[in-house]
1. Mind checking which pairs have a first residue in segment 194-212 that is in the same structural domain as Ile227 (by TED's automatic domain parsing) and a second that is aromatic (Phe, Trp, Tyr) and surrounded by 24 or more Cβ atoms within 10 Å (Cβ to Cβ), Cβ under 6 Å, 6 or more apart or different chains?
2. Consider segment 253-268. How many of its residues are in contact with a Phe, Trp or Tyr (Cβ under 9 Å, 6 or more places away or on another chain) and either assigned to a loop (DSSP other than H, G, I, E, B) or without any contact (Cβ under 8 Å) to a residue 60 or more places away in the chain (or both)?
3. Assess whether Leu302 counts as being closer than 21 Å to Glu219 by Cα and part of a loop (DSSP other than H, G, I, E, B).
4. Select from segment 69-90 the residues that are in a loop (DSSP other than H, G, I, E, B) and surrounded by fewer than 19 Cβ atoms within 10 Å (Cβ to Cβ) and list them in ascending order.
5. Return the pair list, or none, for Cβ contacts closer than 8 Å from residues in segment 82-104 that are farther than 16 Å from Val53 by Cβ to residues that are polar (S, T, N, Q), at least 6 apart or on different chains.
6. Answer yes or no: is there a residue in segment 209-224 that is modelled with pLDDT of 80 or more, over 20 Å from Trp237 (Cβ atoms), crowded, with 20+ Cβ neighbours inside 10 Å and touching a helix residue (DSSP H, G or I) at 6+ places or on another chain (Cβ under 9 Å).
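The values are calculated or read from the model by the stated rules, or taken from the named source; none is laboratory data. Quick caveat: nothing in here was measured; it's all calculated off a predicted structure. Using ideal geometry, Cβ is built from the backbone for each residue, glycine included, and neighbour counts are taken over all protein chains shown.
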Amino acid sequence: MNHELEMGATGPRKFPYLELARATGGFAEKEKLGEGSFGGVYKGFLKDLRTYVVVKRVSKTSQQGIKEYASEVRIISRLRHRNLVQLTGWCHEKGELLLVYEYMENGSLDSHLFNAKSLLTWGTRYQIAIGLAYALLYLHEEWEQCVSHRDIKSSNVMLDSNFNAKLGDFGIPKFVDHDKGSQITSLAGTLGYMAPECVTTGRTNKESDVFGFGVVALEIVCGRKSINYKVQEKLIWLPEWVWELYGTQTLLEAVDLRLRSEFDEDEVKRLMIVGLWCVHPNSQLRPSMRQVIQVLNSKALLPILPSKMLVPSYFITETPSLFDGSNVNLLASSSYLHGH
């Protein structure tokens, strides 16, 4: 395992287990930040470096083989971009696999949008959306391979001390050569952020990442979660609600009320329409991240979208659940989008 993970002089370094155990107070519960896709996540302080870090403790029950995991970690360690959370180290001792990441002082985007950690100004929100777009452009087009993150959601968008966006949680990315396309055949992601074709076919690609970006973009504007239960347990899916407002030319009704009209109307409409463009049910009609950035930076015109959200009319049964491994029935048609 250690041989598999040797990164070289410029990459992440190998940490002794005891150093990381001390840094996290023995992986104390009070230092636990949450549970990631592969195990517990802890805040730690490295005395020698005088810096805070995040230590991900990979669960011993993880289904992924050590060699496969080591191979993916090697690739993740080579991804370097100002809008990606950086892997800084690793440890494989005492039957443990630990990954060390840079610490993000302002936590995750969802904690600010939904849990009232702080009120993000409109200017900050717009820059977060652009930062996330640049992260995905790098993964999809600018690195030597095309990287599909496969789980774009607001809780995976981290914010540094200056509220710059950094995409994190590379628990389930996949890497393919650019000339081979990016079709992946294992279901991954989070309901509410998953493109309809992923739910029905189990395949993910960079277009499904674009879909996830679109949902997050709408959450940034509206300050609402992608899925909400309202009166009589009716499911309200954020993109569908916003698309209805687009059709009636009343988009501003969806803006987060906490902003108190302190926002740039043109930027708000631009981000919302880009968000809808990204969640287009037809994956072939979604933009590339390069197109998204051009529009958000006012270097390209906004698209003209249908006044009503088109709905794919296919369905699947016996799809593996993302949460408990059991089988669930999922309908990716009007009933999937309308929550009936």
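1. Sorted first by the residue in segment 194-212, then by its partner, the pairs are Ala195/Phe211; Gly212/Tyr193.
2. 6
3. Spelling it out, Leu302 is indeed closer than 21 Å to Glu219 by Cα and part of a loop (DSSP other than H, G, I, E, B).
4. Those that are in a loop (DSSP other than H, G, I, E, B) and surrounded by fewer than 19 Cβ atoms within 10 Å (Cβ to Cβ): Arg80, His81, Arg82, Gln86.
5. Cβ pairs passing all conditions: Arg82/Asn164; Asn83/Asn164; His92/Asn2.
6. No, there is no match, as no residue in segment 209-224 is modelled with pLDDT of 80 or more, over 20 Å from Trp237 (Cβ atoms), crowded, with 20+ Cβ neighbours inside 10 Å and touching a helix residue (DSSP H, G or I) at 6+ places or on another chain (Cβ under 9 Å).
Matching residues to (1) at pLDDT 95 or above; (2) closer than 15 Å to Val215 by Cα:
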site: Tyr229; (1), (2): no, no
site: Leu235; (1), (2): no, no
site: Ala254; (1), (2): yes, yes
site: Asp266; (1), (2): yes, no
site: Ile273; (1), (2): yes, yes
site: Leu305; (1), (2): yes, no
site: Leu310; (1), (2): no, no
site: Pro320; (1), (2): no, no
